[in-house]
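One structure is given here, and the rest of the page talks about it.
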Amino acid sequence: MEARNIDVAMVQEPHSYKGYLPGFPSSYRVFYSHSFDMIEAAIIVRNRNISTFLDQNYLDYNLVTMRLNINRVSYLFVSYYFEPSKNIDFDLQKTNQIFSSMPINRLVWSMDANSKSETWFSPFSDSRGTKLIEFILVPITSLS
């Protein structure tokens, strides 16, 4: 992050050890749920000038939701890992709950949805990808 001047990283399936994310300097702020041995999502903030507000209501082993104020502008950051063995409807419902429970003017959403769609250049689409595309397009088409 330092070499590329990256201020904020959102990761899914990070390398973890016994509920801890090793390898980050102590000056970095690393956000993830400490309630689980398994960590599937995290947000890492390198820049000390960025204020952070972790949303405990939407914090899980595979989900981190927080507000970051960058240059006096508030952004909602969501890092989410969709388990491939779970029905994607559960994760989409939870995502919808997050998005509908708070005002969102600026959203940065990063996820590993374990889904395939030709929309993002997978060689084929699967049912998870189709459902994800439908979920993403509903708010866009309702604004038109």
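Rounded to the nearest 500 deg cm²/dmol, what is the calculated helix-only ellipticity per residue at 222 nm for the chain, with -39500 (n - 2.57) per DSSP H run of length n ≥ 4?
On the way: 2 runs with 31 residues, N = 144.
Mean residue ellipticity, 222 nm, calculated: -7000 deg cm²/dmol.
May I ask you to evaluate 6.51 cos²θ - 1.76 cosθ + 1.60, the Karplus curve with θ = phi - 60°, for each residue of region 20-34 and list the ³J(HN,Hα) values in order in whole Hz, giving x for glycine and proline?
Residue by residue, region 20-34 yields 9, 9, x, x, 9, x, 5, 6, 7, 9, 10, 10, 6, 6, 8 Hz.
Placing one identical point scatterer on every Cα of the chain and ignoring solvent, what is log10 I(q)/I(0) from the Debye formula at q = 0.11, 0.17 Å⁻¹?
With no solvent term, the Cα-only Debye profile gives -0.45, -1.04.
Using the number of other C-beta atoms within 10 angstrom as an exposure proxy, rank Ile43, Ile6 with the fewest first. Walk me through the numbers on the way to the answer.
Values: Ile43 23, Ile6 11.
So the ranking, lowest neighbour count to highest, is Ile6, Ile43.
Can you pull the three principal axis extents for the Cα set of region 32-71, in Å, largest first?
Extents along the principal axes, in whole Å: 33, 19, 11.
Once you list every other residue whose beta carbon is under 13 Å from the beta carbon of Ser117, what net charge do they have if Lys and Arg are +1 and Asp and Glu are -1? Walk me through the numbers before you get to the answer.
Numbers: positive: Lys116, Arg128, Lys131; negative: Glu118, Asp126, Glu134.
Within the 13 Å Cβ shell, the charges total 0.
For the chain, what's the relative contact order in percent, using C-alpha pairs closer than 8 Å and at least 6 residues apart? Mind dumping the intermediate values first?
Values: 245 pairs, mean separation 24.7, N = 144.
For the chain, the relative contact order is 17 percent.
Where a number appears in this text, it was derived from the coordinates with a stated rule and is not lab data. Keep in mind the model is a prediction, meaning the values are calculated, not measured. A quick note on method: Cβ atoms are made from the backbone with ideal geometry, for glycine too, and the neighbour counts reach across all protein chains shown.
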